[in-house]
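The values are calculated or read from the model by the stated rules, or taken from the named source; none is laboratory data. Only a predicted model underlies this, so the values are computations on that prediction, with no experimental measurement involved. All Cβ positions, even for glycine, are placed from backbone atoms using ideal geometry, and neighbour counts span all protein chains on display. Calculation scope for accessible area: heavy atoms of the full protein, side chains included, ligands and nucleic acids excluded. Shrake-Rupley method; radii C 1.70, N 1.55, O 1.52, S 1.80 Å.
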Amino acid sequence: MPALGLSAHDSISNVGPQNPPARSERLGPAPELSIVVPTFNERENIPRLIEVLRGALPDVAWEVIIVDDNSPDGTSEATKSIGATDSRVRCIRRVGRRGLAGACLEGILASQAQYVAVMDGDLQHDEGLLLPMLALLRRNTANMVVATRYADGGSAAGLSSQRAWGSHLATKLARHLLKAELSDPMSGFFMLRRELVEKIAPKLSTQGFKILLDIVATTSDSLRITELPFTFRQRLYGESKLDAGVVLEYLGLLLAKVTDDRVSLRFMLFCLVGAIGIGVHFVTLIVGYDLLGIEFVWAQTLAMMVAIASNFVINNALTYRDRRLSGLPFFGGLLRFYLVSMAGLVSNIGVSDWLFVSAQKWWVAGLAGAVIGVVWNYVVASQLVWHSR
């Protein structure tokens, strides 16, 4: 009996479309250059950015990968609308994850191009530098090219006086602590061979504000870097994403790299927030005991409760910003953080008491108890309060 829907002389081998799919004309090799642009609330800038890229790269097989952190202003929707008619425009929409470094890394790893550039989506970077960067990489003059604001011919005119001061300070810290021989290690505009990032990707932090510094600190032995000066433009649309969280993340990244990545950036931030919590504890204790006349035991209890709440709020905003809790989960997370911290306090006291009895050295006992408490709080809170969703 002939198969259902086939004549007796038909065979399975010749069943199927006789013409190639309509989209076959778009098949071909991967682009030579991928431009990765991390975004958050840049809807107004995206069409302008893509237009200037079209003009800057007329004879290059390129694509732009917009990595958007679920912007509420509709940045990803605007990008996909353009991508519907231009296959060179791609969008990765990240939900439940935040941070420029992580966005850059995801975009680079999503590329199949030989060369990858990273630049901002706010039009402050000079797209005219992309061709000279690519030319240097093609000639193998370098395997990374960094656009710098601080070499001869460059300018940071687009920075406010406050941001310019902060940028210079951050640059000095990076060059002194990490021996980063770059005039502008805080640059967010660079191009390199993608294979370099592929090799070190597991060692890079997904947190932080500047991935360039992380790449340079992790791959310094195999990098041949050339710098090109450029003028940092004024932002015309949207707002800067620089905030206190970014500053803490940067300090945490420096500390992590100084320790040769033996301690994670997230743990460093957790410890920094803990140090802030100690200050909150003592301020609350002074107010309660000295100014309000509350009995010491109750003032101490109040100080402890306020400090734990403070630590939770700051950690939620900074240390775990990529897993940030909001709405009802925020209050559930606060309750779990109280329970975790109380258990950590009990372990702190238990270890301290045992060591004091054994060694009779109060400072050893106190330090060991504090370390045990911090590690406990970090490990358990990561799993029970800010677990990956």
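A few comments on the model shown:
- Gly166 in contact with a strand residue (DSSP E or B) (Cβ under 7 Å, 6 or more places away or on another chain), modelled with pLDDT under 80 and either polar (S, T, N, Q) or open to solvent by 20 Å² or more (accessible area, probe 1.4 Å) (or both): no
- The residue of the range 113-149 that is surrounded by the most Cβ atoms within 10 Å (Cβ to Cβ), among those that are in a helix (DSSP H, G or I) and among the hydrophobic types (A, V, I, L, M, F, W, C), is Leu130.
- Filter result for Phe330 (touching a Phe, Trp or Tyr at 6+ places or on another chain (Cβ under 6 Å), at pLDDT 80 or above and in a helix (DSSP H, G or I)): no
- Of all residue pairs spaced 6 or more apart or on separate chains, those with beta-carbon atoms under 8 Å, a first member in the range 212-240 that is among the acidic types (Asp, Glu) and open to solvent by 30 Å² or more (accessible area, probe 1.4 Å) and a second member that is part of a strand (DSSP E or B) and modelled with pLDDT of 80 or more are Glu227/Val145; Glu227/Val146; Glu227/Ala147; Glu227/Thr148.
- Any hit, the range 272-284, residues being under 23 Å from Gly96 (Cα atoms), modelled with pLDDT of 80 or more and in a helix (DSSP H, G or I): yes
- Among residues of the range 68-87 that are at positive phi, none has a Cβ under 7 angstrom from a residue that is surrounded by 15 or more Cβ atoms within 10 Å (Cβ to Cβ) and hydroxyl-bearing (Ser, Thr, Tyr) at a sequence gap of 6+ or on a separate chain.
Okay, residues lined up against (1) at pLDDT 80 or above; (2) more than 14 Å from Ala101 (Cα to Cα); (3) assigned to a loop (DSSP other than H, G, I, E, B):
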| position | (1), (2), (3) |
| --- | --- |
| Lys199 | yes, yes, no |
| Pro202 | yes, no, no |
| Phe209 | no, no, yes |
| Ile215 | yes, no, no |
| Asp221 | no, yes, no |
| Thr226 | yes, yes, no |
| Leu242 | no, no, yes |
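- Listed conditions (1) assigned to a loop (DSSP other than H, G, I, E, B); (2) without any contact (Cβ under 8 Å) to a residue 60 or more places away in the chain; (3) open to solvent by less than 30 Å² (accessible area, probe 1.4 Å); (4) hydrophobic (A, V, I, L, M, F, W, C) are all met by Val95, apart from (3).
- Enumeration of residues in the range 249-270 that are at pLDDT below 85, under 22 Å from Trp386 (Cα atoms) and assigned to a helix (DSSP H, G or I): Glu249, Tyr250, Leu251, Gly252, Leu253, Ala256, Leu265, Arg266, Phe267, Met268, Leu269
- Scanning the range 169-197 for residues that are at pLDDT 75 or above and part of a loop (DSSP other than H, G, I, E, B) yields a count of 8.
- Pairing residues of the range 186-205 that are free of Cβ contacts under 8 Å to residues at least 60 places away in the same chain with residues that are acidic (Asp, Glu), at Cβ distances under 7 Å and at least 6 apart in sequence or on separate chains, gives Lys203/Asp261.
- For the range 331-346, a residue qualifies if it is closer than 17 Å to Val306 by Cβ and either surrounded by fewer than 17 Cβ atoms within 10 Å (Cβ to Cβ) or of a type in the set (A, V, I, L, M) (or both), and the qualifying residues are Phe331, Leu334, Leu335, Tyr338, Leu339, Val340, Met342, Leu345.
- Note on the range 35-54: residues that are farther than 19 Å from Phe190 by Cα and either surrounded by fewer than 20 Cβ atoms within 10 Å (Cβ to Cβ) or of a type in the set (S, T, N, Q) (or both) amount to 6.
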